[in-house]
Amino acid sequence: MSGSNIELWNDLNGVRATSGSNFGELDYLGARDGLYQAVRTQSGRSYNLSFDARSRPGFTASTSTIEVLWNDRVVASVPPGSDWRNYNFTVTGSGGGE
């Protein structure tokens, strides 16, 4: 997206990743930033979509809510809190690149 940034951090301000040593930060700009990944699936097969998230200190859900999409459909809206949390969703493949 134009003007968006993804920053990779290693223990920034004492914030540690839940696994490994680095985490990515989506910078809030223009009310919508994001990342995506195309995944090849088998039609009708269930898949686990999972990620860890937390908000940046001092930010609210209005600037850090994560909209989770699968096949261009909103699966969930996640307003991360101040601590890392794992979010898991079961999604169904369509036989293409989701």
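Remarks
- Candidates Gly30, Gly34 - the one that is modelled with pLDDT under 75, touching a Leu at 6+ places or on another chain (Cβ under 9 Å) and assigned to a loop (DSSP other than H, G, I, E, B): Gly34
- Scan of the range 74-97 for residues that are under 22 Å from Gly14 (Cβ atoms) and part of a strand (DSSP E or B), ordered by number: Arg85, Asn86
- Taken over the range 44-58, the criterion of being surrounded by 13 or more Cβ atoms within 10 Å (Cβ to Cβ) and within 16 Å of Leu12 (Cβ to Cβ) is satisfied by Asp52, Ala53, Arg54, Ser55, Arg56.
- In the range 37-73, the residues that are assigned to a loop (DSSP other than H, G, I, E, B) and either closer than 25 Å to Ser94 by Cβ or among the hydrophobic types (A, V, I, L, M, F, W, C) (or both): Gln37, Ala38, Val39, Thr41, Gln42, Ser43, Gly44, Arg45, Phe59, Asn71, Asp72
- The range 1-25 residues that are over 16 Å from Tyr36 (Cα atoms) and modelled with pLDDT under 70, paired with ones that are exposed (fewer than 10 other Cβ atoms within 10 Å of the Cβ) and among the polar types (S, T, N, Q) (beta carbon under 9 Å, 6 or more apart): none
The values are calculated or read from the model by the stated rules, or taken from the named source; none is laboratory data. Since the model is a prediction, treat every value here as computed from it, not as a measurement. Using ideal geometry, Cβ is built from the backbone for each residue, glycine included, and neighbour counts are taken over all protein chains shown.
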